[in-house]
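Read-outs throughout are calculated quantities, based only on the coordinates presented, and are distinct from any laboratory measurement. For clarity, every value in this text was computed on a predicted model and none was experimentally measured. Backbone-built Cβ (ideal geometry, glycine too); neighbour counts: all protein chains shown.
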Amino acid sequence: MADADDVRRLALALPHVVEIDSEGFDFRVANKGFVWSYPERTPGSPRVIRTDIAVLYVGDEAEKQALLLGEPERFFTTPGYDGLPLVMLRLAKVDVDRLSELVLDAWRMRAPDELTADLDETDLPGSGAR
């Protein structure tokens, strides 16, 4: 079971990541968001920042649909995210190794090529050295 502290640790272990000041967590690389807390919106109520749910950049609609259909207990979306390459992940439904893969994938899709080319796979968070 993963949590917001795991998201923070994994994201900050990646090169050139900046954490944006927020009520939850919000991580960027090259000024592009790749993982952040889910801002739940219920009509007639104020927005609630959910640190038990991560929003992940997934790159395209095909990847989004694959995650949503393949692992519905972990991933979901809302109408506000229709047409966007983003999914929500229930952190309590994923282990830290899988979270590490997802955060790394999101980072790779948003980071400039020169950063991803230099990344040493053995130095990645969750690669066995804990």
- Output the number of residues of the range 1-48 satisfying the condition of being of a type in the set (Lys, Arg) and either touching a helix residue (DSSP H, G or I) at 6+ places or on another chain (Cβ under 6 Å) or closer than 27 Å to Pro112 by Cα (or both). 4
- Item | Whichever residue in the range 21-75 is basic (Lys, Arg) and in contact with a Leu (Cβ under 9 Å, 6 or more places away or on another chain) and, among such residues, is surrounded by the fewest Cβ atoms within 10 Å (Cβ to Cβ) | Arg74
- Can Pro39 be described as touching a Lys or Arg at 6+ places or on another chain (Cβ under 7 Å) and either at negative phi or not hydroxyl-bearing (Ser, Thr, Tyr) (or both)? yes
